[in-house]
Amino acid sequence: MKYFSAHSHSRDAKPAKSAAAFNALKRDIMLGVLPAGASLTELDLAAHFSCSQGTVREALLQLQEEGLVRRQGHRGTQVSECTEAEAVEMFRVRQQIECSGILRALQMPSRTLVADLKALFAEMLQAATTGDELELASLDRDFHRRIFQDAQLPALDPILHRCLVHNHRFKISRSTSPRDLVATAQRHGPIIEAVESGAVERASEALRHHIATIVDLGPDVFPDASQ
């Protein structure tokens with residue numbers, strides 16, 4: 001499958017052509033414009049983005065790190081699957097990492113944590129108001145990773161990031177009708193309130209409930225969650 005999307009930039013785009021290619025491809029994979037199993041050929045992509053195959057290869061390696069593509073030697077590169085089975089396990093892994101992380105973070109939170117979360121929350125509401133679901137998802141990831149940053153467990157951050165990316169891709173793929181993006185953004189309010197209160201268990205429970213109710217995967221996944 002050749003790639004001829006018009007998208008070329010996102011909020012995190014950098015001047016480098018590899019970053020532009022990475023952001024464009026990521027956007028179209030997340031939105032389902034490039035479906036699971038679609039082949040991504042370095043030669044075609046290099047022509048599309050007016051860059052070298054080496055530049056494209058760099059972008060594809062970044063996508064691989066986020067779990068969005070699979071590079072299989074002579075079989076080339078394909079867009080990865082986005083299955084419910086993987087989503088379930090990633091939600092579970094994510095909940096474990098984040099809920100343990102927030103307990104550590106609130107033992108000695110940085111002075112800027114609450115202010116940073118409130119700033120991200122304001123940006124999320126703005127993105128939601130303008131209907132930019134991809135921007136909202138990106139800010140959502142920043143929000144959760146900002147909390148985890150204070151846990152001082154940097155080796156786990158790439159794992160959490162991959163879980164967040166997959167969760168958002170899965171959630172978008174399951175959407176059969178327009179979602180209430182403002183309501184999605186507002187779901188982060190109780191987390192900020194709990195963090196600001198300094199009540200560790202309250203904050204952990206707010207985060208646990210938030211993750212468990214992101215999508216309705218049924219009581220077998222998060223039996224203690226109340227919808």
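Quick rundown of the values:
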read-out: Isotropically averaged projected area of the stretch 17-79, using the convex hull of Cα atoms (one quarter of hull area), nm²; value: 3.7 nm²
read-out: Neighbour net charge for Leu103 - beta-carbon separation under 12 angstrom, K R +1, D E -1; value: -1
read-out: Residue-count net charge about Gly54 - beta-carbon cut-off 12 Å; Lys, Arg +1, Asp, Glu -1; value: 0
read-out: In degrees, nearest ten, helix 133-149 long axis to first principal axis of the chain (Cα); value: 50 degrees
read-out: Those aspartates and glutamates that a straight Cα-Cα span of less than 19 Å connects to Lys17, excepting residues fewer than 8 apart in one chain; value: Asp28, Glu42, Asp44, Glu58, Glu65, Glu66
read-out: Cα long-axis angle, helix 113-129 against the chain (0 to 90 degrees, to the nearest 10); value: 60 degrees
read-out: Estimated [θ] at 222 nm from DSSP helical runs (n ≥ 4, -39500 (n - 2.57)) normalised by residues in the chain, nearest 500; value: -19500 deg cm²/dmol
read-out: Stokes-Einstein diffusion coefficient of the stretch 11-160, Kirkwood radius over Cα pairs, 20 °C, 1.002 mPa s, in µm²/s; value: 124 µm²/s
read-out: Between the stretch 40-56 and the stretch 84-150, the alpha-carbon center distance in angstrom; value: 33 Å
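Every number in this text was worked out from the coordinates using simple rules, so none of it is lab data. All of these numbers come straight from a predicted model, not from anything done at the bench. Ideal geometry is used to build each Cβ from the backbone, glycine not excepted, and the neighbour counts take in all protein chains shown.
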